[in-house]
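Written below as structure tokens is the structure these notes are about.
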Amino acid sequence: MDWKDLSTITGYPSSAAAGTPCSVSIEAQGNDAYVKTITTTGQVYQLQVDVTGMDFDPDIMTGWVLQTPGPAPGPALRHGRAVPEGAPPFS
């Protein structure tokens with residue numbers, strides 16, 4: 001397997017406004033893969049990758065792209081149920 005440092009590709013979120021990547025997901029569709037990361041500021045960035053056999057070639061021309069709109073804020077969950085607004089964080 002060939003490891004690639006994706007943080008060196010143009011558009012990688014690393015500024016104070018973009019936040020720091022804190023989670024990642026990979027979606028595969030045929031010979032395309034999409035690496036997505038959500039940052040500490042709630043922004044989602046995506047990188048398209050060509051996959052052929054064991055070859056993993058990131059799209060360095062386009063680089064990381066901010067996805068808009070990002071995830072919609074929803075109610076906080078606690079033990080599988082929504083937490084009423086203004087409720088203490090833990091009970």
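Return the loop-located chymotrypsin sites (Phe, Trp or Tyr not before Pro) in region 1-63 (DSSP other than H, G, I, E, B) with at most 10 other Cβ atoms within 10 Å of their own Cβ; answer none if there are none.
Working: sites: TRP3, TYR34, TYR45, PHE56; in loops: TRP3.
For chymotrypsin sites (Phe, Trp or Tyr not before Pro) across region 1-63 that sit outside H, G, I, E and B with at most 10 neighbouring Cβ atoms in 10 Å, the list reads TRP3.
In summary, region 6-70 shows an alpha-carbon radius of gyration equal to 1.10 times the 2.2 N^0.38 Å reference for compact globular proteins.
All of the numbers you see were taken from the coordinates with simple rules; none came from a lab. Predicted model, so just to flag it, every value in this text is computed and none were measured. Note: ideal-geometry Cβ built from the backbone for every residue, glycine included; neighbour counts use all protein chains shown.
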